[in-house]
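S.K.: Just dropping this structure here.
The values are calculated or read from the model by the stated rules, or taken from the named source; none is laboratory data. From a predicted model like this one, the values you see are computed outputs, not experimental measurements. Here the Cβ positions follow ideal geometry from the backbone for every residue, glycine too, while neighbour counts run over all protein chains shown.
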Amino acid sequence: MNNIKPATADSLLRAMAADGTVRCMAAVTTRTVAEAAARHGTSPTATAALGRTLSGALLLGSSLKELDRLTVQIVCEGAIGGITAEANANGAVRGYVRHPEADAPLKANGKFDVSRIIGDGMFYVTHESGYEVGLYREPYRGSVPIVSGEIAEDFAYYLSQSEQIPSAVMLGVFIRAQATDQAAAVEAAGGLMIQIMPGASDKIISAIETSVGNIPHTTQMIREGAGTRDMLRAALGEIAFEVMEESAVEFQCSCSRERAVSLVSSIDRTELEAMLREDKGAAMTCHFCNETYRLDEAELESILEEVKG
Ligand code: ZN
C-alpha cells in the first residue's frame, strides 16, 4: 500500500484479490482519450481504436516502476495502418494512429467497427526499464497476431499466449452521436483487466467468469458515474479486493521545444543550410502528440553558427 494518490478526473487503479491469485486493474480515461482525439483529429472509429489502445496500455502497464515504459504497437493492414500507445509509471500515456481519418460505418448493433479499420496484423508489447538513464536494460518484447481487431480481445490473447496469464479485458470508448467536434464527443472511456495468476482456485475462476459475464459495458458504468473502484466491485462480484495503487492518468508527451532544437542541431550541416535557404526555417511535428515546433530563420542561423564552431 504505497504511493496512493487521490484520484482526480482520469485514474488508474491496481488491486489484488483472492490472496494475490487475481490481479485486477480498472481505468477511467475519458479526458485522456478526448485529448488524444483533439490532438490527432481522429475519425470516430479511429478515436475508438486509439482510445481502447491507450486505455489497454495503461491497464497493462499499471504495475510499471519508475523509469519503466510500456509500448503497445499494432501494425496492421486495415485503413488505420497502425496504432502506437506508450504508458509510463507516472500515469502518463501518449499515442497516435497512422491514418487518423480512417473510418467505417457503425455495426448493426450500433458499435464502432474497429476491427474493420484494423484488419490483419501483429500486436506488439515492449517493456523497457531504466530508459533515459544509465540503468537501461535489454527491453522485453512480446508479440502475437491480431485475432480480433476489437483490441480488448487482442490484449487478452497477448496475455494468454505471450505471458501465459488467462485474462478478461474490457475496453470501451463512448462517443456521442452526431457530434461535430471529436474531442467534445468523447463522453466516456475506460476499461478493466482481470488477470488469473497461478494458484487461483476453480471456485474463484468460475465466480469471476460469472460476475464479469454479467456486468454492464465499461462505458455505461462510467457514464452512470462509476469510478475505478465501482467498476472493479462490479467485475469481481462477491470477491473482496485490496487496492495496491491508485494514480491519476493523463495524456502527456515527453517532447519539448528544447528537444526539437537539439534534434535540429544534430542534423548534417549541408542539410541545415538547405533548410535555411529553401524553407527559411524548420518545422518538426511530434508523432505522439502532433505538436509542431517551428524554428525561424534566426534560430536556424544560430544553430548553424554553433555547428560550424
Ligand atoms: Zn510530443
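S.K.: Considering each of ALA298, ALA248 in turn, give the residue that is farther than 30 Å from CYS24 by Cβ and more than 12 Å from the ligand (Cβ to nearest atom).
M.R.: Step by step, each of ALA298, ALA248 is checked, and only ALA298 is farther than 30 Å from CYS24 by Cβ and more than 12 Å from the ligand (Cβ to nearest atom).
S.K.: On to the next question. If you go through segment 44-69, how many residues are surrounded by fewer than 24 Cβ atoms within 10 Å (Cβ to Cβ) and not in a helix (DSSP H, G or I)?
M.R.: Of the residues in that region, 7 qualify.
S.K.: List, please: which pairs have Cβ atoms under 8 Å, are six or more places apart or on different chains, and start with a residue in segment 277-290 that is closer than 15 Å to ILE267 by Cα and away from the ligand (no atom under 16 Å from the Cβ) and end with one that is modelled with pLDDT of 90 or more and in a loop (DSSP other than H, G, I, E, B)?
M.R.: Listed pairs, sorted by first residue: GLY281/ASP296.
S.K.: Tell me, yes or no, whether segment 136-152 has at least one residue that is at pLDDT 95 or above, more than 15 Å from the chain's Cα centre (by Cα) and either among the aromatic types (Phe, Trp, Tyr) or buried (at least 20 other Cβ atoms within 10 Å of the Cβ) (or both).
M.R.: Looking through segment 136-152, at least one residue is at pLDDT 95 or above, more than 15 Å from the chain's Cα centre (by Cα) and either among the aromatic types (Phe, Trp, Tyr) or buried (at least 20 other Cβ atoms within 10 Å of the Cβ) (or both).
S.K.: In segment 113-135, how many are under 21 Å from MET193 (Cβ atoms), touching a strand residue (DSSP E or B) at 6+ places or on another chain (Cβ under 8 Å) and at pLDDT 95 or above?
M.R.: Selection size over segment 113-135: 6.
S.K.: Residues of segment 258-276 being in a helix (DSSP H, G or I) and either free of Cβ contacts under 8 Å to residues at least 24 places away in the same chain or among the basic types (Lys, Arg) (or both), which ones?
M.R.: Across segment 258-276, the qualifying residues are GLU258, ARG259, SER262, LEU263, ARG269, THR270, GLU271, ALA274.
S.K.: In segment 197-240, how many are within 11 Å of ALA17 (Cβ to Cβ) and either at pLDDT below 95 or not in a helix (DSSP H, G or I) (or both)?
M.R.: The total comes to 6.
S.K.: May I pose another question? Assess whether MET197 counts as being within 26 Å of SER11 (Cβ to Cβ) and in contact with a His (Cβ under 9 Å, 6 or more places away or on another chain).
M.R.: No; evaluated as a whole, the condition is false for this residue.
S.K.: Only one of MET193, MET221, MET231 is under 23 Å from the mean Cα position of the chain (by Cα) and closer than 22 Å to ALA37 by Cα. Can you tell me which?
M.R.: On inspection, the qualifying residue turns out to be MET221.
S.K.: Moving on. Which of the residues spanning segment 260-276 are within 16 Å of the ligand (Cβ to nearest atom) and either loosely packed, with under 13 Cβ neighbours inside 10 Å or over 14 Å from GLU299 (Cα atoms) (or both)?
M.R.: Step one: filter segment 260-276 for residues within 16 Å of the ligand (Cβ to nearest atom), giving 260-264.
Of everything in segment 260-276, just one residue is within 16 Å of the ligand (Cβ to nearest atom) and either loosely packed, with under 13 Cβ neighbours inside 10 Å or over 14 Å from GLU299 (Cα atoms) (or both), namely SER262.
S.K.: Also: Collect the residues in segment 86-109 that are more than 26 Å from THR126 (Cα to Cα) and either of a type in the set (Lys, Arg) or within 14 Å of the ligand (Cβ to nearest atom) (or both), keeping them in residue-number order.
M.R.: LYS107
S.K.: May I ask you to list the residues in segment 206-241 that are at positive phi and surrounded by 13 or more Cβ atoms within 10 Å (Cβ to Cβ)?
M.R.: If the condition is that a residue be at positive phi and surrounded by 13 or more Cβ atoms within 10 Å (Cβ to Cβ), then GLY237 is the only one that fits.
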